[in-house]
Structure formats: structure tokens, C-alpha cells
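Accompanying notes for the structure given below.
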Amino acid sequence: MKIKNIIFDFGDVFINLDKPATFREMQKFGLTELTTEMDAANKAYEKGEISTHDFICFYQSHFPNLTEHQLISAWNAIILDFPVHRLEFLKQLQKQSKHRIFLWSNTNALHLERVQEVMGQADYQVFLGCFEKYYFSHELGMRKPESICFTSILEEQNIHPKETLFIDDTAENTEAAHRLDLHVWNIKPEHEDVSRLFDFEIFR
């Protein structure tokens, strides 16, 4: 079937990430391992199950000398730059109107605030405006790779999985989408770039 719909991830697809950065920064304040409790808190924050205030309080209860500013700085250290050529690619993709395009991101309020600082409000709004609709985990109460993340957008937008390409840098997410019959590109940010999308075999 012809690809009619494209669902993009955000981090390490459009905006560059330094995934080990938060752990590296938190080590300065005494973190030695990511405990099960911390992992659960991080995921709860990504699903909007706890507020930013409660998230900060959780970490301060484990690291009493950690200030709010220090935690936010460490948490947001993962966010790097947004290459201009990727935004230009996305704008052209929207302008061509050959595909319905969507964004589905596991994210949280603090990271999105930092993204807006990095991109600037004007480019951030242009970016969001390129998508027919964008989905953020903390606003929807679900996070990839939960199957409902994919079934909900397919049902809501009335799109067929076999006509849909899902692009994500995390293998467990693309594997979950593939099990639901979506085409997938598990992008490798070290040597692949989303702007080369139409070099992808499925479009040949």
C-alpha cells in the first residue's frame, strides 16, 4: 500500500538529544543509580500523572541539597539543538500536501519549556503548525510503547496502519507500532537524518 500518513517522534528525530546528560548531571548531586522508584516517577511525569511541582519535590526528598533550579537544569540537559534544515524539510513536507503528518512524543512540561527556549517561540509555533495534529504523552496520560498510543491516533484520525509510517529512534516504540501493522523506521540519529526520509526504501 502507498504511504499516506507519517507519524513522527520528536526527540532525536527533529531535536537532538544527549540522553545520558541528565544522569551525568545528577551524579554531581550524589546520584549513583536510577532506582526503580525514580524510573517510575520519571514515567509518571511523562504521563502527566504527577505535576512538575510534585516531580521536583520527589527528587528533592531524595537529594535534600538539590535546588529546584539545579534539578531543572539537570533534567533539561538532555535537550540539545534543533537543526534548521530539519525544520525546512518539515515545512516543505507540509507544503507538498502529499501526506497527512502527525507528531507523537513522550515528553513532559519541563522538557517542552526547554525546547521552546532552544528553538525560540516563533520557530516552535511554525514547527507545531506543520502537523495536522500533535500528541504529547503528558497531556494524554499515555506513553509509547503502550499500544493505545498507536491505536488511539489510528482510530481518531481514521487512518489505516498499512498506509502509515511511524518514525522513532527507540526500538521498543517502533517494535510496538510494527506489531500493529504500521510501517516503521527506527531511525539511528548517529548516522541517519529525518530530512533524508524519501531515500527510505518504502518511498522508492
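The set of residues in the range 32-45 being modelled with pLDDT of 95 or more and touching a Phe, Trp or Tyr at 6+ places or on another chain (Cβ under 9 Å) consists of 37, 38, 41, 42, 44, 45.
Report, by residue number, each residue of the range 173-204 that is surrounded by fewer than 20 Cβ atoms within 10 Å (Cβ to Cβ) and hydrophobic (A, V, I, L, M, F, W, C).
Within the range 173-204, the subset surrounded by fewer than 20 Cβ atoms within 10 Å (Cβ to Cβ) is 175, 178-181, 186, 188-193, 195-196, 198-204.
If the condition is that a residue be surrounded by fewer than 20 Cβ atoms within 10 Å (Cβ to Cβ) and hydrophobic (A, V, I, L, M, F, W, C), then 180, 198, 200, 202, 203 are the ones that fit.
For the range 62-88, the candidate set comprises residues that are part of a loop (DSSP other than H, G, I, E, B) and surrounded by 18 or more Cβ atoms within 10 Å (Cβ to Cβ); within that set, the residue that is modelled with the lowest pLDDT is 66. Only a single item in (1) farther than 30 Å from residue 180 by Cβ; (2) within 20 Å of the chain's Cα centre (by Cα); (3) part of a helix (DSSP H, G or I) is not met by residue 54, and it is number (2). Restricting to the range 55-114, name every residue that is in contact with a Phe, Trp or Tyr (Cβ under 6 Å, 6 or more places away or on another chain) and closer than 23 Å to residue 171 by Cα. Across the range 55-114, the qualifying residues are 86, 101, 102, 103, 104, 105, 107, 108.
For residue 42, the conditions (1) more than 26 Å from residue 191 (Cα to Cα); (2) assigned to a loop (DSSP other than H, G, I, E, B) all hold with the exception of (2).
Comparison of 133, 91 shows that the only residue that is in the same structural domain as residue 197 (by TED's automatic domain parsing), touching a Cys at 6+ places or on another chain (Cβ under 8 Å), surrounded by fewer than 15 Cβ atoms within 10 Å (Cβ to Cβ) and not aromatic (Phe, Trp, Tyr) is 91. For the range 49-56, check the following and say yes or no: at least one residue is polar (S, T, N, Q) and farther than 19 Å from residue 138 by Cβ. Looking for residues that are polar (S, T, N, Q) and farther than 19 Å from residue 138 by Cβ, one finds none in the range 49-56, hence no. Screening the range 74-89 for residues that are of a type in the set (A, V, I, L, M) and touching a helix residue (DSSP H, G or I) at 6+ places or on another chain (Cβ under 7 Å) and picking the one that is farthest from residue 52 (Cα to Cα) gives 87. Scanning the range 140-155 for residues that are in contact (Cβ under 8 Å) with a residue 40 or more places away in the chain and surrounded by fewer than 15 Cβ atoms within 10 Å (Cβ to Cβ) turns up just one, 141. In the range 150-170 there is no residue matching the filter, namely being more than 25 Å from residue 1 (Cα to Cα) and among the charged types (D, E, K, R). Against the test of being within 27 Å of residue 50 (Cβ to Cβ) and either among the hydroxyl-bearing types (Ser, Thr, Tyr) or in contact with a Leu (Cβ under 7 Å, 6 or more places away or on another chain) (or both), the options 150, 166, 102 yield a single qualifying residue, 150. Remark: pairs (first residue in the range 159-185, closer than 25 Å to residue 15 by Cβ; second residue of a type in the set (Lys, Arg); Cβ separation under 6 Å; 6+ apart in sequence or on different chains) = 173/144.
The values are calculated or read from the model by the stated rules, or taken from the named source; none is laboratory data. Note that the structure is predicted; figures quoted are calculated from it, not measured. A quick note on method: Cβ atoms are made from the backbone with ideal geometry, for glycine too, and the neighbour counts reach across all protein chains shown.
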